[in-house]
């Protein structure tokens, strides 16, 4: 089904991993996709792959944390396509550091990309979209917005802020027929995860992930499917929602499973 036929979508951080997968999913659903990222090479690679599959994509380099670059990219999208109906704020970085060791530079860089960047793109895009027929903004948050998941306090804070921003923007932009939702991925099978963990750990996480009710990692196409749904008219009454795509991770506190052997 090509439920996004004729629509134009912007995906930030679209040059790799989850962003690239989301961009490809949007293209498969019929959208023309504008890819935004800091470096052109990975964006060009994704665009070429999309074109080979019959999709349409344009490449735009820029930093989401720089308001001037955000404006430049949005101007270019409007000049080339004349409209924008879908915005996916996926650009994000992680600063791994113990809380007492987090530097102000690391904090500002992470929050600047993961939270301020999403704010800038959403605000600037919405100023243009309100004069059209509205649209859909999807922020890629994380289940980490709900609690500790390793020494990455700036990332957790930024993603928690992004969920809050989603709800606030959803209420204020509803009058312009702009829906704003977030998707919170759980542990996902990405190249970064595959390179970070051992082969044994990866096999465990893919087939017997005890912490996760479905016992496996999320696959990138599953996240793309959630974004396509929220971007489509099938979700026309859904706004201000954070949708976990996490194989059930947030559904359990994982206390009973831990102490059950002691009963």
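Read-outs throughout are calculated quantities, based only on the coordinates presented, and are distinct from any laboratory measurement. Nothing here was measured: the structure is a model prediction, and the numbers come from that model. No Cβ is skipped: glycine too gets one built from the backbone with ideal geometry, and neighbour counts run over all protein chains shown.
I'd like the full set of residues that are more than 23 Å from residue 193 (Cβ to Cβ) and out of contact with any helix residue (DSSP H, G or I) (no Cβ under 7 Å at 6 or more places or on another chain), limited to region 4-32.
Once the filter is applied, which keeps residues that are more than 23 Å from residue 193 (Cβ to Cβ) and out of contact with any helix residue (DSSP H, G or I) (no Cβ under 7 Å at 6 or more places or on another chain), region 4-32 yields 5, 6, 7, 28, 30, 31.
Do we find that residue 196 is free of Cβ contacts under 8 Å to residues at least 40 places away in the same chain, over 20 Å from the mean Cα position of the chain (by Cα) and surrounded by 15 or more Cβ atoms within 10 Å (Cβ to Cβ) in this structure?
When the stated conditions are applied, residue 196 does not pass them.
Taking into account only those residues within region 212-257 that are free of Cβ contacts under 8 Å to residues at least 40 places away in the same chain and within 16 Å of the chain's Cα centre (by Cα), which is surrounded by the most Cβ atoms within 10 Å (Cβ to Cβ)?
Only one residue fits best here, namely 218.
Before we move on, is residue 30 at positive phi and over 20 Å from the mean Cα position of the chain (by Cα)?
no
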